[in-house]
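Scroll down for the structure; my scribbles are underneath it.
The values are calculated or read from the model by the stated rules, or taken from the named source; none is laboratory data. As the structure is a computational prediction, the values presented were derived from the model and not from experiment. Positions of Cβ are backbone-derived with ideal geometry, glycine not excepted, and every protein chain shown enters the neighbour counts.
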Amino acid sequence: MALLFKGKGTVGLDIGSSSVKLIELKPGKRKGYQLVNLGVASLPPEAIVDGALMNSSVVVEAIRSILGSLKLKTKDVATSISGHSVIIKKINLPVMTTEELEESIQWEAEQYIPFDINDVNIDFQILGTEESEAGQMGVLLVAAKKDMINDYTTVIQEAGLNSVVIDVDAFAVENMYEANYSLQPGEIVALVNMGASVININILKGGFPTFTRDISAGGSQYNEEIQKSLNIGFEEAERMKMAGKSEEEQALPQEISGIVESVSDSLSSEVQRSLDFFSATATEDKISKVILCGGCARTIGLDRAIADKSGYPVEVANPFNNIEVSPRAFDADYIANIAPATGVAVGLALRWAGDKK
Ligand SMILES: Nc1ncnc2c1ncn2[C@@H]1O[C@H](COP(=O)(O)OP(=O)(O)OP(=O)(O)O)[C@@H](O)[C@H]1O
Ligand SMILES: [Mg+2]
């Protein structure tokens, strides 16, 4: 899926609200891919709000700071957006070819998009006829405001890169998952990407998204609660909630463990509401597991909280499962720590020439 597609995108650039993450891959020898470049730069809170770039120059600076320390093989970038300005809808249309739908999509989409059709970029994916009435086919329709796409493209250009693909976070996560793990036929998997301010949910069925939703909630809620009750700043709260790598560092400081637990409980309830909604509308379909990624996936106890609330097994995704990471070029501890947060960036970096899914 791509709201903008101009050839091959090889560098994945995830412009998240807490940090920019860059990944460059190449085909691997032992595994499918090999990690070539990885860069992360944090952003101050409020630089991006609900997916909108509120402070573009800070974002440009963050991308430049990553580029300063890396030698990229290409300047072509795939990035993605999420939040309320992105509309994702499953619709039914009379069976037709991709070419026919390309011709008529503007017209077909008009009634489903709450914005002026001339103000949005549209893309679609044909889902097949399996679950539709005779003569009909399912189509996944995606639309986003041109203004927003323009803002992202401009920021990328100002940082000295070319924006060739604009995708949607939830689909990038799907791309990451499919490249790293094998989906069993008929298996229904709920992908949950929990970042600092958005939770992207994408439930896959038969390898296609069957339910997607972005929830405005995320890891910054831990910080807010910790800051409030201990009367400390953002950075200190951020340090306190992080899991360390040694055995004893795997426990949370006592003064925040209750707070973290209650925020995890409320974030799990948010996730559960969407899973319940899916189960209520698709009564035949049973989710077999929840795959968790995003920076929050490393929060101590969050995976268990989601498992307890939902009753589904929860696994934390490793976006480098099928990617060779040279221990000479990259510090293994650093990679293990950052891995879950790179789900979107890895999915974007997997956009090779001609891959238009
Ligand atoms: N080791 C860790 N333990 C606990 N929380 C962590 C850890 N590492 C990162 N986080 C949290 O994960 C969140 C950032 O995740 P991520 O990088 O996926 O978000 P983002 O893409 O910047 O934001 P969003 O997609 O919501 O706009 C932050 O709230 C951060 O505090
Ligand atoms: Mg993100």
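A few remarks follow.
- For residue 149: the one exception among (1) crowded, with 23+ Cβ neighbours inside 10 Å; (2) not in a loop (DSSP other than H, G, I, E, B): (1)
- Residue within segment 22-32 that is within 12 Å of ligand 1 (Cβ to nearest atom), out of contact with any His (no Cβ under 9 Å at 6 or more places or on another chain) and not aliphatic (A, V, I, L, M) present: no
- Cβ pairs under 6 Å, 6+ apart, first in segment 120-144 and touching a residue at least 60 places away in the same chain (Cβ under 8 Å), second assigned to a strand (DSSP E or B) and polar (S, T, N, Q): 140/125; 144/121
- Residue match in segment 199-208 (condition: touching a residue at least 40 places away in the same chain (Cβ under 8 Å), near ligand 1 (Cβ under 9 Å from one of its atoms) and over 21 Å from residue 336 (Cα atoms)): yes
- Boolean, residue 50 is modelled with pLDDT of 95 or more and among the acidic types (Asp, Glu): no
- So residue 170, is it at pLDDT 95 or above and part of a strand (DSSP E or B): no
- Residue list for segment 35-77, filter: more than 15 Å from ligand 1 (Cβ to nearest atom), in a strand (DSSP E or B) and either within 21 Å of residue 214 (Cα to Cα) or touching a residue at least 60 places away in the same chain (Cβ under 8 Å) (or both): 35, 76, 77
- Evaluation of residue 200 against (1) in contact with an Asp or Glu (Cβ under 6 Å, 6 or more places away or on another chain); (2) farther than 14 Å from residue 271 by Cβ; (3) not aromatic (Phe, Trp, Tyr) (one fails), failing number: (2)
- The residue list 351, 304 contains one member that is part of a loop (DSSP other than H, G, I, E, B) and either more than 14 Å from ligand 1 (Cβ to nearest atom) or surrounded by fewer than 24 Cβ atoms within 10 Å (Cβ to Cβ) (or both), which is 351.
- Among residues of segment 278-301 being touching a Lys or Arg at 6+ places or on another chain (Cβ under 9 Å) and in a helix (DSSP H, G or I), the one that is nearest to residue 196 (Cα to Cα) is 278.
- Qualifying residue in segment 272-290 (condition: touching a strand residue (DSSP E or B) at 6+ places or on another chain (Cβ under 9 Å) and within 13 Å of ligand 1 (Cβ to nearest atom)): no
- Only one entry in 181, 222 is of a type in the set (Phe, Trp, Tyr) and more than 10 Å from ligand 1 (Cβ to nearest atom), namely 181.
- Listed by first and then second residue, the pairs linking a residue in segment 19-33 that is more than 18 Å from residue 47 (Cα to Cα) to a residue that is away from ligand 1 (no atom under 16 Å from the Cβ) and of a type in the set (S, T, N, Q), with Cβ atoms under 6 Å apart and 6 or more places separating them unless they lie on different chains, are 24/37; 26/34; 28/34; 31/322; 32/322.
- Hits in segment 126-142 (condition: in contact with a helix residue (DSSP H, G or I) (Cβ under 9 Å, 6 or more places away or on another chain) and either buried (at least 24 other Cβ atoms within 10 Å of the Cβ) or polar (S, T, N, Q) (or both)): 142
- Hey, residue 228 at pLDDT 95 or above and exposed (fewer than 13 other Cβ atoms within 10 Å of the Cβ) or not: yes
- Residue count for segment 74-92 under the criterion of being buried (at least 20 other Cβ atoms within 10 Å of the Cβ) and within 12 Å of residue 124 (Cα to Cα): the result is 1.
- Test: residue 260 is in contact (Cβ under 8 Å) with a residue 12 or more places away in the chain, more than 16 Å from ligand 2 (Cβ to nearest atom), within 30 Å of residue 351 (Cα to Cα) and touching a Lys or Arg at 6+ places or on another chain (Cβ under 7 Å): no
- Hey, residue 109 outside the structural domain of residue 33 (by TED's automatic domain parsing), at pLDDT 95 or above and small (Gly, Ala, Ser) or not: no
- The residues of segment 114-146 that are assigned to a helix (DSSP H, G or I) and β-branched (Val, Ile, Thr) amount to a single one, 117.
- Here residue 157 does not qualify as farther than 27 Å from residue 13 by Cα and assigned to a helix (DSSP H, G or I).
- Qualifying residue in segment 18-29 (condition: of a type in the set (Lys, Arg), under 22 Å from the mean Cα position of the chain (by Cα), over 23 Å from residue 321 (Cα atoms) and assigned to a strand (DSSP E or B)): no
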